[in-house]
1. Taking only the range 126-162 into account, find how many residues are assigned to a loop (DSSP other than H, G, I, E, B) and either touching a His at 6+ places or on another chain (Cβ under 8 Å) or not aliphatic (A, V, I, L, M) (or both).
2. Taking the conditions exactly as written (assigned to a strand (DSSP E or B), at pLDDT below 95 and of a type outside the set (Asp, Glu)), does Thr119 satisfy them or not?
3. In the range 12-32, which residues are out of contact with any Pro (no Cβ under 9 Å at 6 or more places or on another chain) and surrounded by 13 or more Cβ atoms within 10 Å (Cβ to Cβ)?
4. When only residues in the range 90-119 that are exposed (fewer than 13 other Cβ atoms within 10 Å of the Cβ) and among the small types (Gly, Ala, Ser) count, which is nearest to the chain's Cα centre (by Cα)?
5. Could you please give the count of residues in the range 69-89 that are in a strand (DSSP E or B) and either free of Cβ contacts under 8 Å to residues at least 24 places away in the same chain or surrounded by 16 or more Cβ atoms within 10 Å (Cβ to Cβ) (or both)?
6. If I filter the range 48-59 down to residues being part of a strand (DSSP E or B) and in contact (Cβ under 8 Å) with a residue 40 or more places away in the chain, which single residue comes out as nearest to Asp31 (Cα to Cα)?
7. Only one of Ala162, Ala170 is of a type in the set (Gly, Ala, Ser) and over 19 Å from Ile42 (Cβ atoms); which?
Amino acid sequence: MDRSIIRAQMPALVAGHVPSNVRSFKYRVFDEQPPESTLGFIIDPHPFDGKVIATTDDAIVVKTGRAEFAVLDRRLVTTVPDEGVKVHVSPYARRRFDGLRADTPEERTEYREDGTTVTIQTQILGSAPAKLPILEPQCPELRDLIQQLEELPAPDRYRRIAHLLVDAGAKDFTWVDPAPDNIIKTPPAISFSVSTASFEGRVTVLYDRASDLYVIELHHGKELIERIDEVYFDSLGEVLAQRIDDGQWRQIQVNVITSRTSRQRRQAAV
């Protein structure tokens with residue numbers, strides 16, 4: 001969706017849907033570009049309700065407030081609604097392995113001197129962590145791999161690799177945490193199952209001490225489907241995305257709340 005074209009079309013598209021005493025209107029665009037805050041942080045939008053007031057070959061315009069609108073990339077919506085219907089829209093938001101939004105505040109409990117407890121919530125602006133469900137390792141190389149998966153960006157530059165894994169349905173994590181003298185015999189590794197349109201099976205990322213690089217293996221059952229050797233740490237996201245990312249995470253969920261037809265039928269019944 002070309003944002004410059006949408007910008008030029010918006011005055012005509014919203015004409016008749018802005019109160020006569022309002023001189024300006026606001027709109028948000030939901031497409032393949034990650035949304036940013038006024039401070040320049042990438043943010044995860046929340047679901048919202050609205051009324052469809054216009055559709056074009058490229059966009060769907062939803063009125064969300066008195067003079068506020070949302071523009072949805074038509075290629076990404078799960079349903080193309082009719083004009084005039086009310087919809088519930090859920091744009092993509094990064095998530096954690098427990099299913100919660102990645103921007104959910106972290107909670108910790110502190111104990112006071114009088115024996116009472118207090119729960120504190122903290123959140124870092126622009127932060128959307130997705131911690132792997134793996135216990136703190138003893139092996140430094142495994143610790144580095146965990147950190148890289150959690151913090152390195154995915155190729156889309158919106159998510160981190162860990163978010164990519166969440167979106168691929170990664171679960172059933174296992175890992176190899178060897179002692180230093182067994183690092184060659186039993187390489188540090190992380191393994192998990194994924195299920196996407198691109199690949200369904202087991203993925204293993206292991207550290208090859210001899211080359212100081214990673215190896216990625218894809219298994220379907222007991223069958224080795226593919227083995228990718230000599231993967232540099234800064235290529236982990238690209239290699240994993242090419243194998244297991246089907247792009248479905250980009251979809252904008254659109255659900256019709258009420259339709260013009262149902263409203264007309266209710267009026268006719270009265």
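The values are calculated or read from the model by the stated rules, or taken from the named source; none is laboratory data. If you're wondering where the values come from, they're calculated on a predicted model, not measured in any experiment. Please note: Cβ atoms are built from the backbone with ideal geometry, for glycine as well, and neighbour counts cover all protein chains shown.
1. Let us first name the residues in the range 126-162 that are assigned to a loop (DSSP other than H, G, I, E, B), namely 126-139, 152, 154-159.
With the extra rule that they be either touching a His at 6+ places or on another chain (Cβ under 8 Å) or not aliphatic (A, V, I, L, M) (or both), the set shrinks to 126-131, 133, 136-139, 154-159.
Going through the range 126-162 one residue at a time, the tally reaches 17.
2. Values: assigned to a strand (DSSP E or B): yes; at pLDDT below 95: yes; of a type outside the set (Asp, Glu): yes.
Yes, satisfied.
3. First pass over the range 12-32, keeping only residues out of contact with any Pro (no Cβ under 9 Å at 6 or more places or on another chain): 12-24, 26-27, 31-32.
The answer is Leu13, Val14, His17, Val18, Tyr27, Asp31, Glu32.
4. Across the range 90-119, the extreme among qualifying residues is Gly99.
5. Here is the first cut: in the range 69-89, the ones in a strand (DSSP E or B) are 69-73, 77, 86-89.
Now drop any that are not either free of Cβ contacts under 8 Å to residues at least 24 places away in the same chain or surrounded by 16 or more Cβ atoms within 10 Å (Cβ to Cβ) (or both), which leaves 69-73, 77, 86-87, 89.
Residues that pass the stated criteria total 9.
6. If we filter the range 48-59 for residues that are part of a strand (DSSP E or B), which is where we start, we get 48-55, 59.
Among the residues that remain, those that are also in contact (Cβ under 8 Å) with a residue 40 or more places away in the chain are: 48-49, 53-54, 59.
Details: Phe48: 16, Asp49: 17, Ile53: 18, Ala54: 17, Ala59: 9 Å.
Restricting to residues being part of a strand (DSSP E or B) and in contact (Cβ under 8 Å) with a residue 40 or more places away in the chain, the top hit is Ala59.
7. Details: Ala162 fails: over 19 Å from Ile42 (Cβ atoms).
None of the other options fit; the residue is Ala170.
Let's see how each residue does on (1) under 30 Å from Pro153 (Cβ atoms); (2) of a type in the set (A, V, I, L, M):
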| site | (1), (2) |
| --- | --- |
| Val29 | yes, yes |
| Ile42 | yes, yes |
| Val61 | no, yes |
| Gly65 | no, no |
| Arg74 | yes, no |
| Glu83 | no, no |
